[in-house]
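The values are calculated or read from the model by the stated rules, or taken from the named source; none is laboratory data. It should be emphasised that the depicted structure is a prediction, and the values quoted were computed from it without experimental measurement. Heads up, the Cβs are rebuilt from the backbone with ideal geometry, glycines too, and the neighbour counts pull from every protein chain shown.
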Amino acid sequence: MRQESRKRIVLGLTGGIAAYKAAELARLLMKQGVEVQVAMTEAACHFITPATMQALSGRPVLINQWDASSNGMAHINTSRAADAIVIAPATADFIAKLAHGLADDLLSTLCLARDCPLLVAPAMNRQMWANAATQRNIAQLERDGVTLLGPCSGAQACGEEGMGRMLEAEELARDILAFFQPKLLSGMKVLLTAGPTYEAIDAVRGITNRSSGKMGYAVAQAALELGAQVMLVSGPTALARPQGAQVVDVTSAAEMFDAVKQHVADADIFIGVAAVADYRATQPSGQKIKKSADKLTLELLPNLDILAYVANLPKPPFCVGFAAESENLREHAKAKRKAKKLPLLAANLAQQAIGADENELILFDDAGEHVLPRADKLTLARALMQHVIKLRNAKI
Ligand code: C5P
């Protein structure tokens, strides 16, 4: 039986080489509990077989407009049952059809007959993308309220390089799921810190930690999905920026503090995910310190606590802290929440969390503790943001 909360998507494939990515996309969406009904144009069937898409989605693929079993009404029935139609890949030709309201096969008819949102992931050669006709058609789709997913720039199947490449399956799945999130933080500003900091000792050496920034970036992504305006103050990481976030790159804790101070006044929510270095060198050397046989003593000064500063402002935003501990997680986390005067603190075991793709969080608030079981960091971040919204609403 169908669970009412499950989303239903019609995944439409048109005839482009990026069709192979649609197989992975179907799999990822289904893993997230989305029901996927695949529809393919005839051209798409030259790039990937309907048998593959049927096996992955667990449903017969819709191709033929004249299929007698649906009484010629597949375009109406299927679009009525869908929460959204996603075209991936969408060729230049199919985009032109959509822009002009043509309906000469099942998939284009389905799009025209829909009463649900349409999401389109363009995939084409860079010259075709740049062509004035395509750009006109894309602008028309945007005016019509169609959501564009990508494209991005990169190596193309034709050997050229440039704009027009379809997003990867993971990116598409992320954007499609984000599309369905209720925009509970619309009009709100979320300020976040993420990643490690780097405190210079000399011109080439420094003090840092193994934080990858993955959790902070996932929280930024979750806030974006909820419609928030996100300002991400990021220490050095190798991660792709969350699309739609304003990112301020910093290196040291002092720079992170300055950036937070500059932007905190109009923040509604502040989340300190960064693993800020607790100490910095008292006198970093401008030149590389030369090796010698003597003992080298490094004097360290404690850094200012950014989160404690924000939480103790006269009118603080709703503050969330993170605590990475290697032992006695609960005791340390509770003490930290109290010391920094935080309404909410998310605690994790450092040895499990740092650099990993998955994690487990325990949330501490006035009501006690709430375990967010082991999951990928984006799933945890989404659950954390739901908790933030609940607490904040209760406070208002
Ligand atoms: O006290 P501890 O460093 O374990 O606290 C961790 C929390 O405090 C995290 O949310 C971290 O981002 C924040 N923090 C901070 N500035 C510091 C140290 C930690 O904002 N200098």
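Of all residues in the range 195-215, which are within 29 Å of the chain's Cα centre (by Cα) and part of a loop (DSSP other than H, G, I, E, B)?
Listed by number, the residues that qualify are GLY195, THR197, TYR198, THR208, ASN209, ARG210, SER211, SER212, GLY213.
If a residue counts only when it is touching a Cys at 6+ places or on another chain (Cβ under 8 Å) and without any contact (Cβ under 8 Å) to a residue 60 or more places away in the chain, which strands (runs of 3 or more DSSP E) contained entirely in the range 319-396 have at least 1 such residues?
Of the strands (runs of 3 or more DSSP E) lying wholly inside the range 319-396, those with at least 1 residues that are touching a Cys at 6+ places or on another chain (Cβ under 8 Å) and without any contact (Cβ under 8 Å) to a residue 60 or more places away in the chain span 344-349.
Considering only the range 11-37, state which residues are hydrophobic (A, V, I, L, M, F, W, C) and closer than 15 Å to ASP83 by Cβ.
LEU11, LEU29, MET30, VAL34, VAL36
What is the one condition in (1) more than 16 Å from the ligand (Cβ to nearest atom); (2) over 18 Å from PRO316 (Cα atoms); (3) in the same structural domain as LYS340 (by TED's automatic domain parsing); (4) touching a residue at least 60 places away in the same chain (Cβ under 8 Å) that ALA274 does not satisfy?
(1)
With (1) closer than 20 Å to GLY15 by Cβ; (2) touching a Gly at 6+ places or on another chain (Cβ under 7 Å); (3) in a strand (DSSP E or B) as the list, and LEU167 as the residue in question, which single condition is left unmet?
Failed condition: (3).
Residue by residue through the range 320-332, note down the ones that are more than 9 Å from the ligand (Cβ to nearest atom) and under 20 Å from VAL219 (Cβ atoms). I'd like the intermediate steps shown before the answer.
Filtering the range 320-332 for residues more than 9 Å from the ligand (Cβ to nearest atom) gives 326-331.
Scanning the range 320-332 gives a single hit, LEU329.
Got a number for residues in the range 191-218 being away from the ligand (no atom under 14 Å from the Cβ) and of a type in the set (Val, Ile, Thr)?
2
So how many residues does the range 299-312 have that are within 13 Å of the ligand (Cβ to nearest atom), part of a loop (DSSP other than H, G, I, E, B) and either surrounded by fewer than 16 Cβ atoms within 10 Å (Cβ to Cβ) or not assigned by TED's automatic domain parsing to the domain that holds LEU345 (or both)?
Matching residues across the range 299-312 total 2.
So which strands (runs of 3 or more DSSP E) are wholly in the range 225-298 and hold at least 2 residues that are closer than 19 Å to ARG205 by Cβ?
Details: elements: 229-234, 246-249, 269-272, 279-281.
Answer list for the range 225-298: 279-281.
Could you check the range 340-379 and list, in sequence order, the residues that are within 16 Å of the ligand (Cβ to nearest atom), hydrophobic (A, V, I, L, M, F, W, C) and at pLDDT below 95?
LEU349, ALA350, ALA353, ILE354
May I ask you to list the residues in the range 153-172 that are under 16 Å from the mean Cα position of the chain (by Cα) and surrounded by fewer than 22 Cβ atoms within 10 Å (Cβ to Cβ)?
If the condition is that a residue be under 16 Å from the mean Cα position of the chain (by Cα) and surrounded by fewer than 22 Cβ atoms within 10 Å (Cβ to Cβ), then GLU168, ALA169, GLU170, GLU171 are the ones that fit.
Here is a yes/no grid of residues against (1) within 16 Å of the ligand (Cβ to nearest atom); (2) touching a residue at least 24 places away in the same chain (Cβ under 8 Å):
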| residue | (1), (2) |
| --- | --- |
| ALA220 | yes, yes |
| GLN229 | no, yes |
| LEU239 | no, yes |
| PRO242 | no, yes |
| ALA245 | no, yes |
| ALA265 | no, no |
